[in-house]
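Let me begin by presenting the structure, written as structure tokens, before commenting on it.
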Amino acid sequence: MSAGSLIAIIDDDSSFRVAIEGLVRSLGHRALCFSSAEDFLNSSKRPDCIVTDIQMPGLSGIELKQELDSRGDTVPVIITTARTEPALIAKARQSGAHCVLQKPFESETFIKCLDGALE
Amino acid sequence: MHGVSPPPDFPDSELLDLVIDSVVVTDANGVVALWNSGSQAIYGWTRDEALGRETSKLFGQDSTGPVTPQGNDWHGEQWRQTSGGKRRLIELQRRNVQLPDGRQGCIETGRDITAAREAEDELRKSEHRYRNLFQAMAASFWELDFFPVGKMLYQLRKAGEIEDYADYFARHPEFVREMMRQTRVVDVNDQTVKLFGRGNKDELLTSVEPFWPEAASDVYAASVVASVTGKLNYSAETRLRRIDGSEFDALFTACFPPDTLNKGTLLVGVIDITERNRAFAELGRSENRYRNLFHQMPIALWQVDSSRLLALLAELRTKGVRNLSAYMDDHPEFLATAMSSTRVAEVNRSAIDLFGGKEASDLAGSSTRYWKSNPATFRRLLEARWRGDSYFEEETRMNAIDGRVLDGLFTIAFPPALNEIGISINAFVDMSEQKRSLAALRESETRFQRIQAEFAHASRVSMLGELAASIAHEVNQPLAAISASSAAGLRWLLREEPDIGEVKALMHRIANDTRRAADIIGRVRDMALPAEPRYSTVVIGEAVQDAVHFLQHEIRRQGVNVSISIPEGLPVVMADRIQLQQVFVNLAMNAVQAMASTDRPRLEIAGTCKPENIVVSVSDNGPGIAEANLPKLFDSFFSTRQGGMGMGLAIVRNIVESIGGSIVARNRGEGGALFIIRLPVHSSGQTG
């Protein structure tokens, strides 16, 4: 279990964002919150893992992954979503995200994903 | 005798006492020289009293009367006083003579014609009166000489021809015509000239034959029979003829007063009854028209005999009752008495049918049974009569004789002319049908409204179905947050040194997220609420905000720019809050969906206040509405979307119109659709 990693949390929904940040910190990691993919990209931060929602104004989570790919950035991405469309979920998986989690998800599931992504 | 020369000696003067008339001889000075017993009989003075007196002193100075001189002979009339002071009219003949002693004198004979003159005067007056009457009568009068006819009949009797005049006349019409020819017109009055003639009275002084048409001969014959059988008069309606040949209806009356019949005179009166007959015919027709009208009228009509009731009321008045209302309060039994005194005399078919009878007699009689349900109406009717009104009407209930209760309008007319003969006419316009129809209509309305509400509900639910994904998505966010927070909270608590501060913060966040989830669920539940509209004062701004909030996920997903400009303090409207939200959700949703392919989709909702109305506009910059679709836009089952039910806008319009508002749609000049909703301001003047 990696301690003290930097996790970027990107979601336009503030209560979810804050809740995940709390969870991440309770795991001993550090968290940075962004309400949009653009904000994150502009911040030039280099986290150890990104947790992102799909549906956001502007760049979607999937598009962010594609952007990172095109930049050659291999930081692991965990995609969370409240959407349910199977096509979208498939697309998310195909983007190369480490995990795709459908909200609401069990916290244990998330922790496992995070641990796996940080390894 | 005072110094007058002794009377001359007349030879044979005793002879003069045998003369009935008065003989008086006077000298040139009017002194009486001879006075017979006839004079005493007339004037009263004896010979001894009269001899030597001046006649002017005896008979009075003011002897009046015309005296006509004829040479030496005078004759005339004079009013003279008698010894008893009476005045007598004397017919006189006088001659100047020479007295035996050679002096000039005058001899007169006199006759008392007072009585005769009075009789004459009376007769003349009577004649005059009769003449006046004869002339003046508005009836046509004839004086006929029947004498020759009498002779004809006498001949007939002598010839043994007749037992029965009537029979003979019937069998011998030519005899009757001859009788007519023998009946002479002696005199006619002005009215006869007017009625029968042409301005010339003499024309009519002929026989009566021209005035009797053939067909009327039997009436003439009957009048002759009446006269010869000792009747005093005879009258009959018949047809008579004018001098110009035209005929008319007449009332013919002949009088045969016994004393004139001997002389053969009879009096006939004729009255033209053409007018009267015409009036009767008119009356008959009128009667018929009334009867027809009464019986054919399609509303229930009754002819009521109120004579007994009127007598009752009159009795009260003579007893000194002034206020009928107060009287009836003190004597509650009077109402029942009044009802039973009011009798149904005649009814028409409509009344019989309506009131459950088979024939008119079923309904006749006392009117008590018709007022069982609502005697108060009858009471007010009595009060109207008492006041002298000629008309009364009231919506009320009456009772049919088969037990049914009838709702309707009761009217009664008692105009003075009818009232005087104790008749009034009732009409009853049955509104039971109407009332039932109204009730049915109202029920229909209610059912319709319920169905409308059901539809609105169904629409909301179907919309919820459409939004299900969106809603699920929305609810999932707080749920996920709660899940993460509670996991984190546990971890914080399980540390060697539990970070209570963190846990506290987490708990707060969990509470907030729970509330958020509950809100969303609540809104969904609201939208799914069943149909009964519940009206309250609604603030438009809040309804719009709620609607946009409800759709926030869709809005965010599509990236729609939403602008809401609804000023604070707009007046409230009276509406069902959920339904009003539904309106804005529907319009906003349509706009968002329409702008699916629009680059920078923008939804604008603006509100302004006009007098009595709030106007809200919902506009987008999508492709707008096809011109062809504009007129049908709000029709039920009209949809431009594949698989769309087409209920949304129809229901929106229903909701808006059910609170007295309106909605129109058009395309904006700069592209996109514009919906304008007008909602009436709630009149209590509250603002929100």
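The values are calculated or read from the model by the stated rules, or taken from the named source; none is laboratory data. All values derive from a computational prediction rather than experimental measurement. Cβ placement follows ideal geometry from the backbone for every residue including glycine, while neighbour counts extend to all protein chains displayed. With ligands, DNA and RNA removed, areas are computed over all heavy atoms of the protein, side chains included. Shrake-Rupley method; radii C 1.70, N 1.55, O 1.52, S 1.80 Å.
Each residue of the range B:383-395 was assigned a 3J(HN,Hα) from its phi angle through the Karplus expression (A = 6.51, B = -1.76, C = 1.60, θ = phi - 60°), giving 5, 5, 4, 4, 5, x, 4, 10, 7, 8, 9, 7, 6 Hz with x at Gly and Pro. Close amide H contacts of B:A300 (hydrogens built in the peptide plane, cut-off under 5 Å, sequence separation of 5 or more or a different chain): B:F428, B:D430.
With a Förster radius of 41 Å applied to the C-beta separation of B:N629 and A:S70, the computed FRET efficiency comes to 0.35. Across the range A:99-116, coupling constants 3J(HN,Hα) worked out from phi with the 6.51/-1.76/1.60 Karplus curve, θ = phi - 60°, read 9, 10, 10, 8, 6, x, 10, 5, 4, 4, 4, 5, 4, 4, 4, 5, 4, x Hz, and Gly and Pro carry x.
Excluding ligands, DNA and RNA and using a 1.4 Å probe, chains A and B jointly bury around 2000 Å² of accessible surface, summed across both partners.
For B:R308 and B:I451, the difference between the fully extended length at 0.36 nm per residue and the C-alpha to C-alpha distance is 45.6 nm.
Taking each residue as 0.36 nm, the span from B:L251 to B:R124 lengthens on full extension beyond its C-alpha to C-alpha distance by 42.6 nm. Placing a label point 7 Å from the Cα of B:D329 along the Cα-to-Cβ direction, the residues of the range B:361-379 whose backbone N falls under 17 Å of that point are B:376, B:379. Per-residue 3J(HN,Hα) values for the range B:433-448, derived from phi via the Karplus relation 6.51 cos²θ - 1.76 cosθ + 1.60 with θ = phi - 60°, read 4, 4, 5, 5, 4, 4, 4, 4, 4, 4, 4, 4, 3, 4, 4, 4 Hz in sequence order (x marks Gly and Pro).
A Förster radius of 35 Å, combined with the Cβ-Cβ distance separating B:M152 from B:Y290, puts the computed FRET efficiency at roughly 0.10. Annotation: amide H of B:G357 has no partner in the under-5 Å range at sequence separation 5 or more or interchain, hydrogens built in the peptide plane.
When both the range B:171-187 and the range B:238-283 are represented by their alpha-carbon centers, they are found 16 Å apart. Could you work out how far helix B:173-182 tilts from the main Cα principal axis of chain B, as a 0 to 90 degree angle to the nearest 10? Roughly 60 degrees between the two axes. Placing a label point 7 Å from the Cα of B:D218 along the Cα-to-Cβ direction, the residues of the range B:227-249 whose backbone N falls under 13 Å from that point are B:237-239. Shown is the FRET efficiency for B:D48 and B:L18, computed with R0 = 22 Å from the Cβ-Cβ distance and rounded to the nearest 0.05: 0.65.
The range A:91-107 and the range B:99-149 have their alpha-carbon centroids 156 Å apart.
Summary of the geometry: the range B:421-488 and the range B:193-228, compared by the centres of their Cα atoms, lie 95 Å apart. Here each label is just a point 7 Å from Cα along the line to Cβ, and for B:A279 and B:R131 those points are 3.3 nm apart. Comparing A:E63, A:E106, A:E21 in a Gaussian network model of chain A, where Cα atoms under 10 Å apart are tied by springs, the biggest mean-square fluctuation is seen for A:E106. In this structure the amide hydrogen of A:M56, modeled in the peptide plane, comes within under 5 Å of the amide hydrogens of A:G61, none closer than 5 places in sequence on its chain.
Between B:S235 and B:A364, the distance separating the two model label sites (each 7 Å from Cα on the Cα→Cβ line) works out to 3.5 nm. What nm value, rounded to one decimal, do you get for the distance between B:Q558 and A:A87 when each label is placed 7 Å out toward the C-beta? The modelled label-to-label distance comes out at 1.8 nm.
In the range A:45-119, the DSSP beta bridges split such that about 0 percent are antiparallel, to the nearest 5. Helix B:217-228 axis versus longest C-alpha principal axis of chain B: approximately 50°, rounded to the nearest ten. Per residue, the accessible area of the range A:1-118 comes to 42 Å² when a 1.4 Å probe rolls over the protein heavy atoms.
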